[in-house]
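Notes follow the structure.
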Amino acid sequence: MAVRGLLLAFTSALAFAGAFDFVLSYDRPPARKSLFVRLSEDVDSTSPQQVHISLVGEDKMRISWITEDPTPATVNYGTSPGKYGFSASGSTSSYQYVMYQSGEIHDVVIGPLKPQTIYYYRCGSDSAPEFSFKTPPPQLPIRFAIAGDLGQTEWTSSTLEHISQSNYDVLLLPGDLSYADTNQPVWDSFGRLVQPLASQRPWMVTQGNHEIEKIPIIHSDTFTSYNGRWHMPFEDSGSDSNLYYSFDVAGVHVIMLGSYTDFGSSSAQYGWLKADLKKVDRKKTPWVVVLIHAPWYNSNTAHQGERESIDMKASMEDLLYGARVDVIFAGHVHAYERFTRVYKGQANNCGPVHITIGDGGNHEGLATKFLDPQPNISVFREASFGHGELEVVNATHAQWTWHRNDDDELVASDTVWLRNLTSDPACEV
């Protein structure tokens, strides 16, 4: 055990030193207590745990869960409690990370499903507990909850509690999920922590730097845990990687990009993005929303000058501007900031609104220092934990609201109405 402990400490140190570009030019205040959610004593080795769901196409849902021991990758489901008129089977996988062996990771796609309908489902054996979820609406309006850099602290619990009150349809997470940082049981804890929400509404995520988990020599692969546990519908959008993909839901085209995989003009991601944008039908999906992890615009002293921000922006900003992307959400910086519509560093009425929402509740604390003076393109900024909600009301207007966690109370601190760019004659392309 002593040897194992030393090895884990060594691998964690290597990961922090070699894989992540932490910027220490600011003093983070102490965060709240970190959490570790252990497996309940009444859960046996074949009971489903860490259950979460995600969208697949227009009328299907992926159900993912983990068991300690092998059990059928089967989901029984229906529209009434305890009555399952439908059944689907999927696949089971696992992964090894140094000396950690994951549980049995089950992945089942169910459907076709009716929109805006509550389904009840059971994972695996007949004795498994019953879960339920609600499918998104078939058309606008739709409400997204958005939170980045979640982690597992008491602030995270506060954020999740506030999100649960929002009656959202889909959650979007722009990277940095568990903050396991090579300590694999922390991934299991995160899955248990978010299960009450993630089993009821689809969670659509992209990766951040804390998902890389590469250890030189010892574990040379990247994103092993993330890819193994959070399978997103990349295949359906023609992507060759779980690290970038897109999907349509209720009149919104959502694009998830990878800040920590190749994004240069000759890369597979760039080629895929260019092709994906060309296929967007703004009559069907008038809104286009993009998520990245490392923000392209940032007036916080944290994470300035990183290539994932500077080089990715230089490579892809023209594509997104030319496609009239409406909003770009980012994480990474542990604070909230909303920019005006911007392109190439200047206010531009036909550019996307950039919003940094990396304030979900991570254990590293808040990025409290901003550049002074505040740039003209930065409209609102604050170092507080919280989450955001994007309610797309119709084809032309949406309301964005950022909710601050103020002494555990839900406080709407920044709100703005957005007009869809394709409805502005000045922005026609």
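The values are calculated or read from the model by the stated rules, or taken from the named source; none is laboratory data. Since we're looking at a predicted model, the values are computed, not measured. All Cβ positions, glycine included, derive from the backbone under ideal geometry; neighbour counts span all protein chains shown.
Considering Leu177, Leu150, the condition of being crowded, with 23+ Cβ neighbours inside 10 Å, in contact with a Ser or Thr (Cβ under 6 Å, 6 or more places away or on another chain) and within 27 Å of Gly57 (Cβ to Cβ) is satisfied by Leu150 alone.
Residues checked against (1) touching a Pro at 6+ places or on another chain (Cβ under 9 Å); (2) over 30 Å from Gln184 (Cα atoms); (3) among the hydroxyl-bearing types (Ser, Thr, Tyr):
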| residue | (1), (2), (3) |
| --- | --- |
| Trp230 | no, no, no |
| Leu273 | no, yes, no |
| Val280 | no, yes, no |
| Val288 | yes, yes, no |
| Ile292 | yes, no, no |
| Ala302 | no, no, no |
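Of all residues in the range 373-418, those that are under 24 Å from the mean Cα position of the chain (by Cα), more than 21 Å from Ser158 (Cβ to Cβ) and free of Cβ contacts under 8 Å to residues at least 40 places away in the same chain total 3.
Reported count of residues in the range 213-238, each being part of a loop (DSSP other than H, G, I, E, B), in contact (Cβ under 8 Å) with a residue 12 or more places away in the chain and more than 29 Å from Lys60 (Cα to Cα), is 4. Condition check for Asn167 on (1) part of a loop (DSSP other than H, G, I, E, B); (2) in contact (Cβ under 8 Å) with a residue 60 or more places away in the chain: one failure, at (2).
Per the listing Val280, Val289, Val254, Val249, the residue uniquely more than 27 Å from Tyr119 (Cα to Cα), buried (at least 21 other Cβ atoms within 10 Å of the Cβ) and among the hydrophobic types (A, V, I, L, M, F, W, C) is Val289.
Scanning the range 328-345 for residues that are outside any loop (DSSP other than H, G, I, E, B) and basic (Lys, Arg) yields a total of 2. Once the range 310-340 is narrowed to residues that are in contact (Cβ under 8 Å) with a residue 24 or more places away in the chain and among the basic types (Lys, Arg), the residue that is farthest from His293 (Cα to Cα) is Arg324. Can you tell which of Ala395, Ala412, Ala426 is of a type outside the set (Ser, Thr, Tyr), surrounded by fewer than 21 Cβ atoms within 10 Å (Cβ to Cβ) and part of a helix (DSSP H, G or I)? None of the others qualify; the one that does is Ala426. Filtering the range 260-267 for residues that are assigned by TED's automatic domain parsing to the domain that holds His332, under 30 Å from Gly365 (Cα atoms) and surrounded by fewer than 17 Cβ atoms within 10 Å (Cβ to Cβ) leaves a non-empty set. Among the residues of the range 61-71, are any touching a Gly at 6+ places or on another chain (Cβ under 7 Å), closer than 14 Å to Gln200 by Cα and not in a loop (DSSP other than H, G, I, E, B)? Within the range 61-71 (the criterion being touching a Gly at 6+ places or on another chain (Cβ under 7 Å), closer than 14 Å to Gln200 by Cα and not in a loop (DSSP other than H, G, I, E, B)), the answer is yes, since at least one residue qualifies. Once the range 35-60 is narrowed to residues that are touching a helix residue (DSSP H, G or I) at 6+ places or on another chain (Cβ under 8 Å) and in a strand (DSSP E or B), the residue that is surrounded by the fewest Cβ atoms within 10 Å (Cβ to Cβ) is Gln49.
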